[in-house]
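Every number in this text was worked out from the coordinates using simple rules, so none of it is lab data. Since the structure is predicted, the reported quantities are computational estimates derived from the model, not experimental observations. Cβ atoms come from the backbone with ideal geometry, glycine included; neighbour counts cover every protein chain shown.
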Amino acid sequence: MRFLTLGLLLLSVTLLRADDPPKGFTPLFNGKDLTGWHGMPHYDPYALAKLPEAERTKLLAGWMADAGKHWKADGGDLVNDGNGAYLTTDKDYGDIEFLIDYKTVAKADSGIYLRCVPQVQIWDTTKEGGKWNLGADKGSGSLWNNSPGAPGKDALVLADKPFGEWNHFRIVMVGEYVTVYLNEKLVVDHARLENFWNRKMPLMKKGPIQLQTHGGEIRWKNLFIREIPPTEANEILRKKNSAGFVDLFNGKDFEGWAGAVEEYEVKDGAIVCKPKKGGNLFTKAEYGDFTARVEFTLPPAGNNGLAIRYPGTGLPSQVAMCEVQVLDDDAKVYEKLDPRQYCGSVYGMMPAQRGYTRTPGEWNLMEVTVKGPLIRVELNGTRIVDGDVSKVKDYIPGHKHPGKDRLSGHFGFAGHSDPVAFKNIQIKTLDKK
């Protein structure tokens with residue numbers, strides 16, 4: 001689905017009711033009560049998940065009672081008095097397009113948590129608000145809890161309307177990347193939202209939306225959400241990071257490729273490993289530092305891999321710098337693998353954060369960046385590996401990695417008899433000139 005033009009979308013939102021959302025969107029607020037929401041303050045979701053069920057249930061009940069004292073529906077608006085637990089969606093969301101209007105008062109401070117992580121900031125941007133030292137003078141809409149200097153930490157422009165007027169957010173989130181429009185102005189441009197609860201970890205794949213409250217009345221209306229499907233999510237990620245990439249595959253044949261050409265085939269514009277076949281298919285060209293980007297789809301229990309700086313012979317997992325695993329690691333047959341064998345891992349050397357592979361049959365987008373010994377792997381917009389292979393000293397028993405210090409080689413695929421498909425295969429060289 002293509003985005004509606006922003007102007008038409010904003011116009012449609014102003015004319016529609018909670019029970020009549022824009023095409024493709026679902027209302028989050030029914031205009032009458034708190035159905036679909038519960039209370040939850042600023043609380044570590046990982047700690048909450050670890051609590052015994054009885055204790056967690058008691059906490060949630062208390063938070064909901066507290067929210068009921070401070071939140072209400074009023075004339076079709078969702079209103080908070082500036083106190084109490086944050087209103088939190090019952091449903092968890094991953095990749096989304098989210099529309100919401102708000103109106104606040106002087107001295108108030110608020111925001112929107114995405115996947116239970118703070119936050120898209122809402123400020124009193126006036127000097128009298130007393131928070132210019134925190135960045136309030138730069139405007140609302142920023143990912144304020146990002147690290148100092150990180151993209152998104154400060155709003156690109158000041159787009160807030162005066163007190164008493166309604167402001168409109170359009171928030172697009174794919175993987176960890178967030179784009180924010182405030183009153184039709186771009187204030188955050190495809191910036192990673194850092195995981196406030198553990199900055200060494202990626203965001204959760206899904207989580208609730210929370211409406212934060214601080215110190216003054218805030219009103220919300222026109223809360224509409226659209227869950228972004230995988231194909232569109234991949235398109236957004238590619239378009240937002242397209243500069244410098246060139247195609248490695250023409251969609252028709254194996255021009256520019258070598259190795260196990262007979263073990264693969266071209267079907268519907270994709271390179272597919274033939275069933276019960278395999279071997280290593282790789283580019284004729286060699287590369288040093290680069291970012292490789294591919295889309296792949298897996299059959300149930302499917303297994304393949306990306307060969308990184310491959311010399312042209314031997315097992316990529318040993319003689320190349322590495323093999324980045326491509327695997328349906330939710331399949332029962334793989335439930336007891338070493339963590340360094342799951343999807344996105346630097347095979348045998350670095351474990352990936354699990355849980356970001358899509359359902360078999362859906363297209364995933366993987367990016368692998370190598371600079372010298374450094375390697376970063378993003379899967380569907382989420383960073384799941386970020387490390388230095390030169391520092392790896394511990395390997396899976398029986399798996400040697402004599403090629404891990406290679407600084408150049410071919411890029412390709414390491415087939416393992418399953419019909420794993422690859423398309424939109426691109427590379428961007430990062431070598432110094």
* Highest-MSF residue in the chain out of V389, V172, V346 [GNM, Cα springs under 10 Å] -> V389
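Order by neighbour count: V333, V105, V319, fewest other Cβ atoms within 10 Å first, most last.
Working: V333 11, V105 14, V319 21.
The fewest-first ordering by Cβ neighbours comes to V333, V105, V319.
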* Asked: For region 418-431, in order, what is each residue's ³J(HN,Hα) by Karplus, 6.51 cos²θ - 1.76 cosθ + 1.60 with θ = phi - 60°, in whole Hz (x at glycine and Pro)?
  -> 10, x, 7, 10, 10, 8, 6, 8, 9, 9, 10, 7, 10, 4
* Relative to the longest principal axis of the chain, what angle (0 to 90°, nearest 10) does the C-alpha long axis of helix 6-15 take? -> 40
* Inter-site label distance for D90 and A65 at 7 Å from Cα along Cβ, in nm -> 2.0
* To do: Taking a cut-off of 28 Å between Cα atoms, list the lysines near K428, but don't count ones fewer than 8 places away on the same chain.
  => K153, K200, K205, K239, K240, K252, K267, K274, K284, K371, K391, K404
* Calculated log₁₀ intensity ratio I(q)/I(0) where the Debye formula runs over C-alpha points of region 333-420, q = 0.12, 0.15, 0.17 Å⁻¹ -> -0.39, -0.63, -0.82
* With r defined as the distance between the Cβ atoms of W132 and A49 and R0 fixed at 56 Å, what FRET efficiency is calculated, to the nearest 0.05? -> 0.90
* **Selected from L337, L306, L365 as most flexible by GNM, with the chain as the system and alpha-carbon contacts under 10 Å** => L337
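How charged is the neighbourhood of D330? Take every other residue with its Cβ under 14 Å from the Cβ of D330, and add Lys/Arg as +1 and Asp/Glu as -1.
On the way: positive: K205, K332, K336, R354, R358; negative: D328, D329, E335, E362.
Charge balance in the 14 Å sphere: +1.
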* Asked: Which of these values of Rg/Rh (Cα atoms, Kirkwood Rh) was calculated from the structure shown: [x] 1.02; [y] 1.09; [z] 0.95?
  -> [x]
